[in-house]
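Note sheet for the following structure.
The values are calculated or read from the model by the stated rules, or taken from the named source; none is laboratory data. In this text, all values refer to a predicted model and were calculated from it rather than measured experimentally. Cβ sites come from the backbone with ideal geometry, for glycine too, and all protein chains shown count toward neighbours. These area figures cover heavy atoms from the full protein model, side chains too; ligands, DNA and RNA do not enter into them. Shrake-Rupley method; radii C 1.70, N 1.55, O 1.52, S 1.80 Å.
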Amino acid sequence: MAQAREPQALIDVHIHYSQDAWAMLPPPEAIKVLRQAGLKKAFVSSSSDDGTQMLLKIAPDLIVPVLRPYRRRGETGTWMRDPSIIPHVQSRLEANTYAGIGEFHAYGADADTPVMRRMIELARERKIFLHAHSDADAVERMFKHDPQALILWAHSGFEQLETVRAMVTKYPTLWADVAHRNDQAPSGNLDPAWRQLFMDFPERFMVGTDTYTPERWHYVVEHASYSRKWLSELPPDLADNIAFRNAERLAARTLGQ
Ligand SMILES: [Zn+2]
């Protein structure tokens, strides 16, 4: 007799719980949404980091904390030239445990500023990853500063598939999430070229929703279903890798678990 399959275990690596979401969705409600989506874990970062800490406190089994360098919304385009970011990041790193620093935004030469370089050093000292919303150029610059950097490439940089392929080929410690892009499964079904990329690099890709505005929280459960659907078209081992194992391994590596 055929048995009903358990729903695909899933880790969402791209959740934000920023200040403007706190009133609409207080911490217990936010956790409820993540549980409704059936997530095994969620990588969470927020502006300010207090949002992440609130969720971590009530659901330590579920939340993988990532330190966003922004203290408030609106620092996306200026932080890499703002030296006051460094003492802020440092004091948070000393006070709490994080799997990574990010998600931050940096394009091209943004990755060369003294603030950015210092942040790459701070990640290296702690052997934690950088969650970078960056073009391929900025990612290349980050690896120039630290060839051993662990980089989780947000949205796979919104780059073309062939660029993503070239980057994961070149850098063995580059992982990529496919958050907020749907070319991997444009009509809900897996795109053949992406399927081949996943087959060729089974340990590098992860899924994420990206709740960059409070309204995006309404989409977390639906996004989990969407991910489960296209993942089901892959061989089970590969589906598990992309769905949760790659994320689990990266978290274990950086949190030392
Ligand atoms: Zn994001």
Have a look at MET116, MET199, MET142 and tell me which one the Gaussian network model of the chain (Cα, springs below 10 Å) gives the largest fluctuation. MET199
What does the net charge come to around ARG141 if you take all other residues with beta carbon closer than 9 Å to its beta carbon, with K and R at +1 and D and E at -1? -3
Take ASP61, ASP237 and sort them by solvent-accessible surface of the protein heavy atoms, 1.4 Å probe, largest at the top. ASP237, ASP61
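What is the dipole size for the range 202-257, taken about its Cα centre, with +1 at each Lys and Arg Cβ and -1 at each Asp and Glu Cβ, in debye to the nearest 20? Could you put the intermediate results ahead of the total?
Details: 7 positive and 8 negative charges, 28 e Å.
Magnitude of the dipole: close to 140 debye.
So if each residue of separation counts as 0.36 nm, and I subtract the Cα-Cα distance between ASP82 and GLN196, what length gain in nm does that give? All intermediate terms of the calculation are to be shown ahead of the outcome.
Working: separation 114, 0.36 × 114 = 41.04 nm, distance 4.12 nm.
Extra length from ASP82 to GLN196 when fully extended: 36.9 nm.
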Summarise the accessible area of the range 128-249 (1.4 Å probe, protein heavy atoms) by the percent that is carbon and sulfur. 53 percent
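Between LYS32 and ARG249, take the C-beta separation as r, use R0 = 25 Å, and let me know the FRET efficiency to the nearest 0.05. It would help to have the intermediate numbers written out before the result.
Details: r = 27 Å, r/R0 = 1.10.
The formula returns an efficiency of 0.35 here.
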With springs only between Cα atoms under 10 Å apart, run a GNM on the chain and tell me which of SER156, SER225, SER46 wobbles the most. SER225
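Using +1 on the beta carbon of Lys and Arg, -1 on that of Asp and Glu, and nothing else charged, what's the dipole of the chain about the Cα centre, debye to 20?
520 debye
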So, in nm, how far is label ARG124 from label GLN148 when the simple model puts each one 7 Å beyond its Cα toward the Cβ? 0.9 nm
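Arranged from highest to lowest average of other beta-carbon atoms within 10 Å per residue, in what order do the peptides 70-83, 13-26 appear?
Numbers: 70-83: 15.3, 13-26: 20.1.
Taking the mean over residues of other Cβ atoms within 10 Å, the ranking is 13-26, 70-83.
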Regarding the range 164-257, what's the average projected area of the Cα-atom convex hull, expressed in nm²? 6.6 nm²
Under the rule of at least 5 residues apart or a separate chain, name every residue whose amide H is placed under 5 Å from the amide H of ASP49. none
What is the spin-label model distance, in nm, from LYS229 to ARG216 if the labels are put 7 Å beyond Cα along the C-beta direction? 2.0 nm
So which lysines can LYS144 reach, going by Cα to Cα under 24 Å and dropping same-chain residues fewer than 8 places off? LYS127, LYS170
Counting only protein heavy atoms and using a 1.4 Å probe, what share of the accessible area of the range 15-107 belongs to carbon plus sulfur, as a whole percent? 55 percent
Projected onto their principal axes, the Cα atoms of the chain stretch, largest extent first, over whole-Å spans of 62, 42, 32
List residues of the range 1-42, by number, whose backbone nitrogen lies under 20 Å from a label position 7 Å along Cα→C-beta of ASP61. 6-13, 27-42
Extension gain, ASP112 back to THR169 (0.36 nm per residue minus Cα-Cα distance, nm): 18.2 nm
Around ALA193, what is the net charge, scoring Lys/Arg as +1 and Asp/Glu as -1 over all other residues with Cβ under 14 Å from its Cβ? -3
Determine the dipole magnitude for the range 12-111: charges of +1 sit on the beta-carbon of Lys and Arg, -1 on that of Asp and Glu, nothing else is charged, the reference point is the Cα centre, and the result goes in debye to the nearest 20. 180 debye
Points 7 angstrom from Cα along the Cβ direction at ARG5 and GLU162: gap in nanometres? 3.3 nm
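Using just the helices of the chain, give the 222 nm mean residue ellipticity in deg cm²/dmol: DSSP H runs with n ≥ 4 each add -39,500 (n - 2.57), and the total is spread over all residues, rounded to 500.
Working: 11 runs with 103 residues, N = 257.
Using -39500 (n - 2.57) per qualifying helix, the result is -11500 deg cm²/dmol.
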